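Have a look at the structure below, then the notes.
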Amino acid sequence: MAKKILAVDDSASMRQMVLFTLKGAGYEVVQACDGVEALELARKSAVDLVLTDVHMPRMDGITLVRELRALVNYKLVPMLILTTESSQEKKMDGKRAGATGWIVKPFNPPQLLATVARVI
Amino acid sequence: MTIDLEMAEIAKVFFQESREGLDAMESGLLTLGATADGESINTIFRAAHSIKGGSATFGFAEVATFTHGVETLLDEMRNKVRPITAEAVQTLLQACDCLREMIAATEAEQPLDQGRIASLNGDITQILGERPTEAHAAAPVAPAAAANSAGSAAASADGGTSGWRVIFEPVVDLLRLRNEPTRMFAELGRLGDFTAHADVSRLPALDALDPESCYLSWNIEIAGEIPRPKLDEVFDWVDSHCRLEFTPTGRAAPAAGAQPVAQPSAATAATPAESKAVPPAEAERSPAPAVAAVQKSAGESGSIRVATEKVDDIINLVGELLITQSMLSGFADGIDPNDLDRLRQGLSQLARNTRELQESVMQIRMLPISFAFNRFPRIVHDLSRKLDKKVELKLVGENTELDKTVLEKISDPLVHLVRNALDHGLETPERRLAAGKPETGTLELAAFHEGGNIIIEVRDDGGGLNKAKILQKARERSLVAPDQELTD
């Protein structure tokens, strides 16, 4: 069965890029445009990986990771945050919240796939 | 479809999204002075951040580099490191204009206005340099494709090694920190052949063993000319949660390579791993949830974006359908009387359906008047600055819906009316105060339904036109006879 990935980003173009890349590689992808929507989706169904942007309205990516980690089903699910080069601080915030790792923006499709392959 | 074609399609979404982001930035910047709540500066920052990330991802390096400066400035304002001054807001507004042009030029594959970009960049750099902040120097964002080049450059500095010895001693919390050593070994396997010896000395007795803890550490020997950054990449998600030591094996690396290099951060190797690990207390008080007021977005909720031509096509088709229906109705008058009733019934139902369809299709082209009103905060801001007048703009009935074609036609005349009101209607603050009025004038744009019409009003509380003066001028030029009395 195809691995299911939850992709969270408030930017439609980034979501499309992620969606297109992952679907092309045979993953199943569900999308959310902010943390609140992602949390709702994640509560309803299980996913194999969460990919989330950091800066989003309503609920940011770090908070999302922390909220997800509190759910029993998401204790061990890999979670990656999408972050920019400059934000070492965000990486550490992400780790403290329970993120598995990060993908540094900007990334291209092969880089995204290589990183995803590291965790699932 | 090839990757490039698909990426070009997605880039179109990026352009559209950037324009929307710039609109949000602009209207956010215009309200910053009045109501400086944290959420509006966050919204502005996010819009800039998304444009930077997207432009870098889609390979528009110049847009990304320019936006980086804007984003840095906004980030400082957001974190209250830098005050929000009128000058900075003005520069940011100009940066929005410039970005809008850059996006348009990039989309049309036209050359960018380098002079303007450089001058605004200079303004931003100047604001950023006004007080020393931590060397955040405008590190240009490299397009995605170039991201790895730094790694290979650093690799050659290492000289060639024929392999590495790696000591990997994770904290017992490794698994709870969601890092799975087997995945890291899989990653290592992609770099070269390796052997890993597990060190079981930390393993407790079975009854004391916690299945979610990681008691093992490893001595790894990996063969091959592997650049050091590649190894770092494997461990970069965990380097704050373990003791790591990298030693080149085989051919010695030149210069500093003679003695073992303990890295990535010297502190990591020198001190016990546990001390480097994040104390739980700190994790508790990491950033407060930024759940803030739900964004208000005029007319955005549940909306769809449809190309106007498609809607026009549907409207034409519905028109044709109406004609066919009425032709059939007329035709029904002259046929077999027995079937007539059923036919009439069917036709009247068709007539009703068609009418309803037409109404709902027409509805698609209706847009809230905020689409026309939204440009006015910026126009009023710029113009009142230029004229040294203080103006508060009030928008009323922004959700009143108008046909898109009408909306497009009234937009320019409205601009004219608003300019007139600012130029000739509203007085300077001094004259207003002298006339016993509040210093700040009010300009109101209102739209509402009245008796089947939609009324759009532009109203100001200024002194209006000087009738005596105009009449005098008109008489001087003999446009009005000296003894002629005119009504208002």
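Every number in this text was worked out from the coordinates using simple rules, so none of it is lab data. Source: prediction; values computed, not measured. Here the Cβ positions follow ideal geometry from the backbone for every residue, glycine too, while neighbour counts run over all protein chains shown.
So here's what we get for this one:
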item	result
Residues B:S240, A:S13 arranged by fewest to most Cβ contacts within 10 Å	B:S240, A:S13
Nonlocal amide H pairs with B:L402, under 5 Å, H built at 1.01 Å	B:L367, B:I369
Spatial separation of Cα centroids for segment A:47-120 and segment B:191-248, in angstrom	22
Amide H within-cut-off set for A:L82, under 5 Å, with H built and near neighbours excluded	A:T52, A:D53, A:V54, A:I103
Cα gyration tensor category, rounded, prolate or oblate, for segment B:299-391 with a/c compared to 1.5	prolate
Gap separating the Cα centres of segment B:91-114 and segment B:460-474, nearest whole Å	41
Segment B:338-386 versus segment B:403-434: alpha-carbon centroid distance in Å	28
Karplus (6.51, -1.76, 1.60) ³J(HN,Hα), θ = phi - 60°, over segment B:395-412, in Hz, Gly and Pro reported as x	10, 10, x, 5, 8, 4, 9, 9, 4, 4, 5, 5, 4, 5, 6, 7, 4, 5
Tensor-based shape of segment A:71-120 (alpha-carbon gyration tensor, a/c under 1.5 rounded, otherwise prolate or oblate)	oblate
10 Å Cβ neighbours from other chains, averaged over peptide B:38-50	3
Shielding by partners, peptide A:103-115 (average Cβ within 10 angstrom, other chains)	5
Along each principal axis, Cα extent of chain A, largest first, Å	34, 31, 25
Chain A, relative contact order [Cα under 8 Å, separation at least 6], %	24
Candidates A:L71, A:L19, A:L82, ranked by Gaussian network fluctuation over chain A, Cα under 10 Å, top entry	A:L71
Overall form of segment B:381-484 per C-alpha gyration tensor (a/c, 1.5; a/b vs b/c)	oblate
Sequence of B:V89, B:V396 once ranked by neighbouring C-beta atoms within 10 Å, starting from the fewest	B:V396, B:V89
Per-residue ³J(HN,Hα) for segment B:220-236, Karplus 6.51 cos²θ - 1.76 cosθ + 1.60, θ = phi - 60°, Hz, x for Gly and Pro	10, 10, 10, 9, x, 7, 9, x, 3, x, 5, 5, 4, 4, 4, 9, 5
Peptide B:53-63 - average C-beta neighbours from other chains (10 Å radius)	4
Residues whose placed amide H lies under 5 Å from that of B:D236, excluding near-sequence neighbours	none
Vicinal HN-Hα couplings computed from phi for segment B:76-86 (Karplus, 6.51 cos²θ - 1.76 cosθ + 1.60; Hz; Gly/Pro x)	5, 5, 4, 8, 6, 7, 10, x, 8, 9, 4
For peptides A:109-118, B:358-367, B:167-176, B:430-439, sequence by mean Cβ density within 10 Å, most packed first	B:167-176, A:109-118, B:358-367, B:430-439
